[in-house]
Amino acid sequence: MKILVVNAGSSSLKYQLIDMATEKVLAKGGCERIGIDGSILTAKGNGKEKIYKKDMPSHKVAIQLVLAALQDGEIAVIKSMDEIDAVGHRVVASGEYFTKTTLVTPDVLKTLEEKTFELAPLHNPAAVTGLRACIEVMPKTPMALVFDTSFHATMPEKAYLYGINYDDYKKYGVRKYGFHGTSHKYVSGEAAKFLGKRPEELKIVTCHLGNGSSITAVDGGKCVDTTMGFTPLAGVLMGTRSGDIDASAVEFLAKKKGMSHSEAVNYLNKDCGVKGISGVSSDFRDLEKGVANGNDRCRLALEMFSYQTKKFVGAFAAAMGGLDCIVFTAGIGENTPCVRAGVCEGLEFLGVKINEKVNALRCEGIRDISAENSKVKVLIIPTNEELVIARETAELL
Ligand code: AMP
């Protein structure tokens, strides 16, 4: 079975074609600048790369080009579109309308459009544009929606509710949904495999630390709490997002800066986080360089990020009544030793101890960075969200 995984943005479309028998990526690539001058498709297959500079006025044209590239000359991996058994679409927000991977039907599409767009106005409309384009070009191929929120659907009410009027929660769906679910699901499953245990036996805190960051408590293979909330703005401070902040401070700041409420939220999403603290960059590689050059605000930004992440590790260990394993994943989790060390430092009382030398090594694949006498295993696991989307789509079929 071959599954095409599609992740559509407003002007981009990333894809992977995965052979489910081997879980091998047959082809991958992405279209950029869809609907803008200078659109480009970068396509990889058979270990080779080809670049197509072609006009892509719409997502429909983009997906047509992707399908052509999958069958094109030396990068061809299929002979006909019919070899694609299904398409799995990444969708950021589901609200309470979908709690698991869902096959697309006209009713599903209607609910997605009418109910979820306001929950993720930047992401969900873009995903539907990509979905509609695929339906047009591949009308006979089953389409699945795989939500970033699904893995978090197992959170108990006490974890996902905000302390607001319960009737307002019911009426408007304002609650914690969580994000990066496919990543948390993948790395927690891989951690259990690596440790030779069943997921049911483990209490894991997964730290997805990238440009957007979220931390999740996975108890017995199920999410019981997570840091992101109604939107991906909540939790730890991130590249450009503030993370948790007192709601009254938002109104205060908006008044002082002469911003409307939506401008203030935009500011909290785009101009804050480690970028705002350091005044240098949202990229952790730049922050590390800043620290090496004696920049105190870069040091502060890194300290705040590690400290806030550590606090959630501790909170989630308390929520689960124990901790067997911490997993680090995504751009920062996989590549920034000083953050991993900063998060684990001071958690010895929970039984967490890392091997500093192994932590400092830069290499690929799954790594166990815990010290020999650490009660809690500390692992680095490269994430693979596309594989989860493909697996969920295949299971649904
Ligand atoms: P992500 O959103 O998962 O792509 O993560 C992006 C973040 O990871 C950025 O802040 C990068 O600075 C950080 N990062 C650190 N080292 C690397 C690396 N070697 N490759 C990619 N991202 C890195």
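Table: residues versus (1) of a type in the set (S, T, N, Q); (2) in contact (Cβ under 8 Å) with a residue 24 or more places away in the chain; (3) in a strand (DSSP E or B).
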site	(1), (2), (3)
L17	no, yes, yes
T22	yes, no, no
K50	no, yes, yes
D55	no, no, no
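Note on segment 64-86: residues that are of a type in the set (D, E, K, R) and touching a residue at least 60 places away in the same chain (Cβ under 8 Å) total 2. Of all residues in segment 232-268, those satisfying the criterion of being surrounded by 18 or more Cβ atoms within 10 Å (Cβ to Cβ) and not aliphatic (A, V, I, L, M) are P232, G235, G239, T240, R241, S242, G243, Y267. Restricting attention to segment 218-234, report how many residues are under 20 Å from I204 (Cα atoms) and either of a type in the set (K, R) or within 14 Å of the chain's Cα centre (by Cα) (or both). So the answer is 5. Of note, G294 satisfies the criterion of being surrounded by fewer than 16 Cβ atoms within 10 Å (Cβ to Cβ) and more than 14 Å from the ligand (Cβ to nearest atom).
Just one of (1) of a type outside the set (D, E); (2) in contact (Cβ under 8 Å) with a residue 60 or more places away in the chain; (3) away from the ligand (no atom under 15 Å from the Cβ); (4) closer than 29 Å to A254 by Cβ fails for L300. It is (2). Exactly one residue out of N384, N359 is under 14 Å from H184 (Cβ atoms) and within 16 Å of the ligand (Cβ to nearest atom): that is N384. The condition of being within 11 Å of the chain's Cα centre (by Cα) and basic (K, R) holds for only one of K197, K203, K185, that being K185.
Residues in segment 172-208 that are in contact with an Asp or Glu (Cβ under 8 Å, 6 or more places away or on another chain) and among the aromatic types (F, W, Y) were compared, and the one that is surrounded by the most Cβ atoms within 10 Å (Cβ to Cβ) is F179. Residue-level check: of (1) surrounded by fewer than 19 Cβ atoms within 10 Å (Cβ to Cβ); (2) in contact (Cβ under 8 Å) with a residue 60 or more places away in the chain; (3) aromatic (F, W, Y), F316 misses just (1). If you go through segment 207-252 and pick out every residue that is more than 12 Å from the ligand (Cβ to nearest atom) and not in a loop (DSSP other than H, G, I, E, B), you end up with 16.
If you go through segment 331-346 one residue at a time, do you hit one that is away from the ligand (no atom under 12 Å from the Cβ), under 20 Å from G189 (Cα atoms) and not acidic (D, E)? No, segment 331-346 contains no residue that is away from the ligand (no atom under 12 Å from the Cβ), under 20 Å from G189 (Cα atoms) and not acidic (D, E).
The residues listed here are V313, V274, V327; of these, the one that is farther than 17 Å from E345 by Cβ, within 19 Å of the chain's Cα centre (by Cα), away from the ligand (no atom under 13 Å from the Cβ) and modelled with pLDDT of 95 or more is V327. When A43 is tested against (1) at pLDDT 95 or above; (2) in a loop (DSSP other than H, G, I, E, B), only condition (2) is not met. Note on segment 189-206: among residues that are touching a helix residue (DSSP H, G or I) at 6+ places or on another chain (Cβ under 8 Å) and part of a loop (DSSP other than H, G, I, E, B), the one that is nearest to the ligand (Cβ to nearest atom) is L202. Any residue at all in segment 42-51 that is of a type in the set (D, E, K, R) and buried (at least 21 other Cβ atoms within 10 Å of the Cβ)? The answer is no, given that none of the residues of segment 42-51 is of a type in the set (D, E, K, R) and buried (at least 21 other Cβ atoms within 10 Å of the Cβ).
The values are calculated or read from the model by the stated rules, or taken from the named source; none is laboratory data. These numbers come from a predicted model, not from an experiment. Please note: Cβ atoms are built from the backbone with ideal geometry, for glycine as well, and neighbour counts cover all protein chains shown.
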